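To start, the structure under review is shown below, and the notes come after it.
The values are calculated or read from the model by the stated rules, or taken from the named source; none is laboratory data. Quantities reported herein were computed from a predicted structural model and do not represent experimental measurements. In this analysis, Cβ positions are derived from the backbone assuming ideal geometry, glycine residues included, and neighbour counts consider all displayed protein chains. These accessible areas exclude ligands, DNA and RNA; they are computed on the full protein's heavy atoms, side chains included. Shrake-Rupley method; radii C 1.70, N 1.55, O 1.52, S 1.80 Å.
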Amino acid sequence: MNLPVTVAAVDLGSNSFHMLIVRAEQGQRRVLDRIKESVRLAGGLSADGRIDAATQQRALDCLARFGQRLAQLDEARVRVVGTNTLRQARGADEFIARAEAALGHPIEIIYGVEEARLIYAGVAEDLEAVDAQRLVVDIGGGSTELVIGRGAQVRRAESVALGAVTHTTRFFADGRVDKTTWKAAVTEARLALEPLAYDYRELGWSVALGASGSIKSIARVVGADAPGATITSEALAKLARRLCKAGSVDKLAPDGVSSERRAIFAGGLAVLVGIFESLGVTAMQVSDKALREGVISDLLGRLSAHDSRDDGVDDAAHRFVIDRDHGRRVAETAARLWRSGHQGHQGDQLPAGMAEAVRVLRWAAMLHEIGLAVAHRAYHKHGEYLLNNADIRGFSQMDQHLLATIVRLHRGRLRTELIDALPSAWQTRTRDIVLALRIAVILHRGRNPATRPPVTLAHGDATLTVSIDADWLAERPLTRADLDREGERLAKAGLALDLVETTIPEAATVR
């Protein structure tokens, strides 16, 4: 990006909340503000998996303070991501709604693999431009992300349910550390890592990097916090022996570790020792960058020419063997239909919400046949399941649920209750997207690469008007029959399909 822009990232971690505000200009980034508060969200999980009232209030107070600093930035320049605890907590929706009100910005809950990808993107800012394979590890409060990548490209990413807060709560809740509990904690970490250990060791890496508060605190204790210094397996083993001998972190009195970090130090150390032993790591450097820097990079990409979600859709199309050429043709027609239905916005520069709607429509069109990877029968339902549960690069859980809903509704009965269950800001947009996609799929059912339907769309409160070139339609009786059936389906949802046969030059529909 050449024009100056100020953007912000907020990372709602399981241990700490972070806010980073950056000014980007001419390819350079300058940090304007950086705030971290220890909230210990994972520590507030009750026995039934809910976040207790005191922890919720602590989080809301923190977010209200963050919100004061973010009040001058519009929604498009702020990205807020929630991680493991908000992924796992029962009844989190109500808390998230209150958190969004306190912060003044929407919150995206991201999947673990997407969290790993963003962490790697943040760490990659500090990597030298050499063709070396690297392992990046981030030990959070409730999960640990492990990524192998080369340059800026991720080759393997995983998120494992191991965290400094949760591991401390499970094994060292009373503050005491002895050889028996220590061995049990490390063994549990290794068991969680066992399913991926072989593949990671086979992929290999030349440099390992740690990117979290837990790893930084361990580096300080073992004297590896100077530039270029590394945490070695020998230093970790020695620190573990010292901790067991001391009997508690407080008696160990690690220098340079805050009281908040001391409270979860033992769990973080056990997880890191388990990673070293399982993956055969012998030395690890420490990076100052992490998830929030990756979110900034991703946000700047969305504001410029490169949206990582485009890559995610392309990856998914390849992984599930989708006919991408057909998907592109449907996407082009669907986008033209959508634009024709929004006549007040025909130029390239659409308002932010409408521009996002067109992107979502194109992604859904590209992936509308993803369910064929399971079976042809009810493939739209299979597609809904896959899109709700697959790891798709760049997408939050809500992003994927939105795509899943659109794909579910691109054929068959128009279940308006699924649209009504979406966030209110997306309900009307999604209705228009679904209708444009349904018509586009019908027009391309013959899968002829040369087909470019001369057609436009107009929306009414209870009417969908499809204007189509009469000569074009006369040559395609099956398409006419499909449109008639679509009218019957929409009528059951309380929407009349008005098919207008007219004269529409093909060139007039190309935008």
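Would you mind counting up the charge near GLU488? Only other residues with Cβ under 15 Å from its Cβ, with Lys and Arg at +1 and Asp and Glu at -1. Show your work: numbers first, answer last.
Values: positive: ARG411, ARG413, ARG438, ARG480, ARG485, ARG489, LYS492; negative: ASP482, ASP484, GLU486, ASP498.
With Lys, Arg at +1 and Asp, Glu at -1, the neighbours total +3.
Overall form of the stretch 196-345: prolate. Here a/c, set by the Cα gyration tensor axes a ≥ b ≥ c, is 1.5 or more, and a/b is the larger of a/b and b/c.
Each other residue within a Cβ distance under 15 Å of ALA157 adds +1 if Lys or Arg and -1 if Asp or Glu, for a net charge of -3.
Considering only GLY213, VAL137, VAL177, and ranking their Cα positions along the charge dipole of the stretch 131-245 that arises from unit charges at the beta-carbon of Lys, Arg, Asp and Glu, the one farthest toward the positive end is VAL177. Pick out, from PRO254, VAL273, LEU299, the residue whose Cα sits farthest towards the positive end of the charge dipole of the stretch 238-356, with +1 on the Cβ of Lys and Arg and -1 on the Cβ of Asp and Glu. It is PRO254.
The residues of the chain present an accessible area of 45 Å² per residue when probed at 1.4 Å with all protein chains retained. Do any of LYS36/LYS251; LYS381/LYS492; LYS179/LYS251 go past 25 Å between their Cα atoms, and which? The pairs that break the limit, which is 25 Å between Cα atoms, are LYS36/LYS251.
Based on DSSP, what percent of beta bridges with both residues in the chain are antiparallel, to the nearest 5? The partial results should precede the final answer.
Numbers: 41 of 61 bridges.
Restricted to the chain, the bridges split so that about 65 percent are antiparallel.
Computing the accessible area with a 1.4 Å probe over protein heavy atoms, can you report the carbon and sulfur percentage for the chain? Spell out each step's value before the answer.
Working: 10810 of 22770 Å².
Within the chain, the accessible surface is 47 percent carbon and sulfur.
Residue separation of GLN88 and THR416 scaled by 0.36 nm, minus their Cα-Cα distance, works out to 115.2 nm of gained length.
Each of ALA9, ILE107, GLN28 was scored by the projection of its Cα onto the charge dipole of the stretch 1-160, and the greatest displacement toward the positive side belongs to GLN28; charges sit on the C-beta of Lys, Arg, Asp and Glu.
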